[in-house]
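Here, each number is a calculation from the coordinates, and none is a lab measurement. Just so you know, these numbers come straight off a predicted model, no measurement behind them. Counting neighbours? That spans all protein chains shown, and the Cβs are built from the backbone with ideal geometry, glycine included.
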Amino acid sequence: MTLKELIKSCKRNNLKAQSELYNKYKDSLYLLCLKYCKTTAEAEDNLQDAFIDIFKNIKKYNNKGSFEGWMKRITINKAIDKYKKESLINIVINDDIIKDDTVVIEPITLSLDELLDSIKALPTRYRLVFNLYELDDYSHQEIAETLSISIGTSKSNLHRAKLLLRDIINKKNAIVNINKKSNGH
């Protein structure tokens, strides 16, 4: 079945088509959930909630733009909505921080898992802005609208996220170097 046929069948509430769509996209959307959730359990819950919304709203999809992009936006918004309800997004902006948005991270070798763990270690408000801006190509305007914050707050949170991420990575790198030295390398 082509994607177009699959979407049409899902719009008719065909359970087999819904199952096929779920199986086709669950892995890529789960990886997306992992970027926005602290734990695998949260990511799994977010994935299920996202698919409920996808199937509930699939009739609204009008074949304009990428269907996968439409599903990704629902998935990201689902994760963000959870954090909005928990009031973890609010932060006071410090204009001095956003004047210099350059953060230099010394080149080091990290595995993808180590990098994702480092990003997950960021406070929620910083992690969300970092992921939206750096990993999902949202503009500060889009982030501000999505998270109900100002553009300045989005920029400030991104800058702080980069500073914290640099510190987290540097600490991990220092531990690796200490371990190498103590093992005689």
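The table below lists the values:
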quantity	calculated
Residue-count net charge about residue 145 - beta-carbon cut-off 13 Å; Lys, Arg +1, Asp, Glu -1	+1
R0 of 41 Å, Cβ-Cβ distance residue 22-residue 163: FRET efficiency to nearest 0.05	0.60
Out-of-range pairs (alpha-carbon distance over 28 Å; input 85/120; 85/162; 56/155; 26/64; 72/155; 8/72)	56/155
20 Å cut-off, amide nitrogen to a point 7 angstrom out along residue 60 Cα→Cβ, residues in segment 118-133	none
Residue order, fewest to most beta carbons within 10 Å, for 139, 156	139, 156
Order of 2, 40 under a 10 Å beta carbon neighbour criterion, fewest first	2, 40
Low-density loop positions, trypsin sites (Lys or Arg not before Pro), segment 18-88 - DSSP coil, at most 10 other Cβ in 10 Å	64
Under 17 Å from residue 84, Cα to Cα: lysines that are on another chain or at least 8 residues apart	35, 38
